[in-house]
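In what follows, a single structure is set out as structure tokens and then discussed.
The values are calculated or read from the model by the stated rules, or taken from the named source; none is laboratory data. These numbers come from a predicted model, not from an experiment. Using ideal geometry, Cβ is built from the backbone for each residue, glycine included, and neighbour counts are taken over all protein chains shown.
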Amino acid sequence: MAPTGGKGEDWFAELDAELQKETEAINKDLTELNNSKQSINKTLIEDFWRIWMRFGKINVNMTMEPSHETFANFDVYPDQWRFKEGFNFASVNSLQLVDRSTDQGRLGDSIKVWYYMVESTPHVRMIFEYCEGEHYYKYAGWKRIFAQFVIFDSPITHLSMNKLHDKMSDVVKVWYESHLRRNRDIVIKHLKENYERGETFTE
């Protein structure tokens, strides 16, 4: 017995048109997001590598993600380089520059950047993260306590690279000074007085 009350394939033609419209809209959004990430990441990777080199001149050992092996070809390491052809900047979802110094508890002090969504709107966030100390937990033993301060946060569509650079420059200058003066409290005090506190977690 044939079903009654239908309009043949009209219902599916309507549904199919809606799905096609949604596909095109989402693909457009993803293309725009990838283009934005490509531009932002290319700038930030170059920024982070320059900071890595500058700190290296005062013998501060840092690690960087993404690693230079993935994005750079060197003529003379580390300062004469160019981006590798075909490197997919849009695929980078997080970047970080991590202090490996062991004096004054600096190990793990870092600037980190990542992308995240708020109600389908892509954002980019930059934080400074550092270890505040250790705590003993009855069932887990000793854990390091990390604090974060938000340096910059913005929807990608409204991102100002000038503002991001201003904030990053402010923190990097104080971080660098704290190494020159061999006083980590300088950068921590600056963060507490000028930036919003983010998450605290243990590791």
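List of remarks:
- Among the residues of segment 17-48, the ones that are aromatic (Phe, Trp, Tyr) and in contact with a Phe, Trp or Tyr (Cβ under 8 Å, 6 or more places away or on another chain) come to 0 in all.
- Pairs are defined by a Cβ separation below 7 Å, a sequence spacing of at least 6 or placement on different chains, a first member in segment 142-166 that is within 30 Å of Leu30 (Cβ to Cβ), and a second member that is of a type in the set (Gly, Ala, Ser) and surrounded by 13 or more Cβ atoms within 10 Å (Cβ to Cβ); the pairs so defined are Gln148/Gly198; Val150/Gly198; Ile156/Ser36.
- Subset tally (residues that are among the polar types (S, T, N, Q), more than 28 Å from Pro155 (Cα to Cα) and either touching a Phe, Trp or Tyr at 6+ places or on another chain (Cβ under 7 Å) or surrounded by fewer than 16 Cβ atoms within 10 Å (Cβ to Cβ) (or both)) for segment 89-135: 2
- Residues of segment 31-87 satisfying the condition of being of a type in the set (Phe, Trp, Tyr) and buried (at least 16 other Cβ atoms within 10 Å of the Cβ): Phe48, Trp49, Trp52, Phe55, Phe71, Trp81, Phe87
- Within segment 154-190, tally of residues that are within 23 Å of Thr43 (Cβ to Cβ) and either at pLDDT below 95 or not charged (D, E, K, R) (or both): 18
- One residue stands out among those in segment 147-161 that are assigned to a strand (DSSP E or B) and not hydrophobic (A, V, I, L, M, F, W, C): the one that is surrounded by the most Cβ atoms within 10 Å (Cβ to Cβ), which is Gln148.
- Of the residues Ile186, Ile145, the single one that is in contact with a His (Cβ under 7 Å, 6 or more places away or on another chain) and among the aliphatic types (A, V, I, L, M) is Ile145.
Every residue, every condition in (1) out of contact with any Ser or Thr (no Cβ under 8 Å at 6 or more places or on another chain); (2) closer than 26 Å to Ser120 by Cα; (3) of a type in the set (A, V, I, L, M, F, W, C), yes or no:
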{"position": "Gly141", "(1), (2), (3)": "yes, no, no"}
{"position": "Ile156", "(1), (2), (3)": "no, yes, yes"}
{"position": "Lys163", "(1), (2), (3)": "no, yes, no"}
{"position": "Thr200", "(1), (2), (3)": "yes, yes, no"}
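- Only one entry of Arg106, Arg100 meets the criterion of being out of contact with any Asp or Glu (no Cβ under 7 Å at 6 or more places or on another chain) and more than 22 Å from Arg125 (Cβ to Cβ), and that entry is Arg100.
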